[in-house]
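Take a look at the structure set out below.
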Amino acid sequence: MIRIEDFLGGFYDEFPFVPRELPPREIVARLAGLIAGLSVHPSATIEPGAVVKPPAVIGAGCFVAATAYLRGGVVLGPGVTVGPGVEIKASLVMGGSALAHFNYVGDSLIGRDVNLEAGAVIANFRNEAPARTGKFGAVIGDHCRIGANAVLAPGTILAPRTIVPRLALVDQGGG
């Protein structure tokens, strides 16, 4: 089992409601039950046309663009930017990260200062092994860079400062 704070520094300081004994897969599976309702910091901006389905927590200084879609339990740390056409499902995104336009992020833990270029996908379900894997996307370490139209297969674990090139497929065979 991975130690979350080796990948996501200060994770439990930023998200103190997450039980320390849960592995990443259990955190995202239980996320909707760990948060309640809809909490939007007064300094956050949610543009008209964005859909934020509770439960969700939108932190200080966040920006959620029109046509973004947040569902299934989403927590955005301070200063997170979510671009137009981005869908986030059951995920925690740490402060200072940016998800450009047309990304999909499913059932994942995203570190601080992570950047997803346009069209990047964090897949959360393996068609070829549904009984074994359930739904889990990725753990993306702090300061990672994910190139445009890259795909991270379910179960991906990226060390801090990893750079994934544009159009790349990262499939570690996990999930």
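Values in this text are rule-based calculations from the coordinates and carry no lab data. In this text, all values refer to a predicted model and were calculated from it rather than measured experimentally. Cβ atoms come from the backbone with ideal geometry, glycine included; neighbour counts cover every protein chain shown.
Once you list every other residue whose beta carbon is under 12 Å from the beta carbon of residue 111, what net charge do they have if Lys and Arg are +1 and Asp and Glu are -1? Residues close to residue 111 contribute a combined charge of -2.
Give me the net charge of residue 123's neighbourhood, meaning all other residues with Cβ under 14 Å from the Cβ of residue 123; Lys, Arg count +1, Asp, Glu -1. Walk me through the numbers before you get to the answer.
Details: positive: 89, 126, 135; negative: 87, 107, 128, 171.
With Lys, Arg at +1 and Asp, Glu at -1, the net is -1.
Packing around the peptides 160-171, 89-100, taken as the average count of other Cβ atoms within 10 Å per residue, puts them in this order, highest first: 89-100, 160-171. Pick from 107, 142, 13: which residue has the top mean-square fluctuation in a GNM of the chain where Cα pairs under 10 Å get a spring? The residue that fluctuates most here is 13. By the helix-only formula, in which each DSSP H run with n ≥ 4 contributes -39500 (n - 2.57) and the sum is divided by residues, the chain has a 222 nm mean residue ellipticity of -3000 deg cm²/dmol.
Simple point charges give the picture: +1 on the Cβ of Lys and Arg, -1 on the Cβ of Asp and Glu, and for the chain a dipole about the Cα centre of about 300 debye.
Rounded to the nearest Hz, the phi-derived 3J(HN,Hα) couplings of region 61-73 under the Karplus curve 6.51 cos²θ - 1.76 cosθ + 1.60 (θ = phi - 60°) are x, 6, 10, 10, 6, 3, 6, 6, 9, 10, 8, x, x, where x marks glycine and proline. Selection among 82, 51, 93 by position relative to the dipole of the chain gives 51 as farthest towards the positive end (Cβ unit charges, Cα centre).
Taking the chain as a Gaussian network of alpha-carbon nodes connected by springs under 10 Å, the highest mean-square fluctuation of the residues 112, 71, 30 belongs to 30.
Over the C-alpha atoms of region 76-131, the Rg to Rh ratio, Rh being the Kirkwood estimate, stands at 1.01. In the list (1) 153; (2) 96; (3) 109, the label attached to volume of the Cα convex hull per residue in Å³ as derived from the coordinates here is (2).
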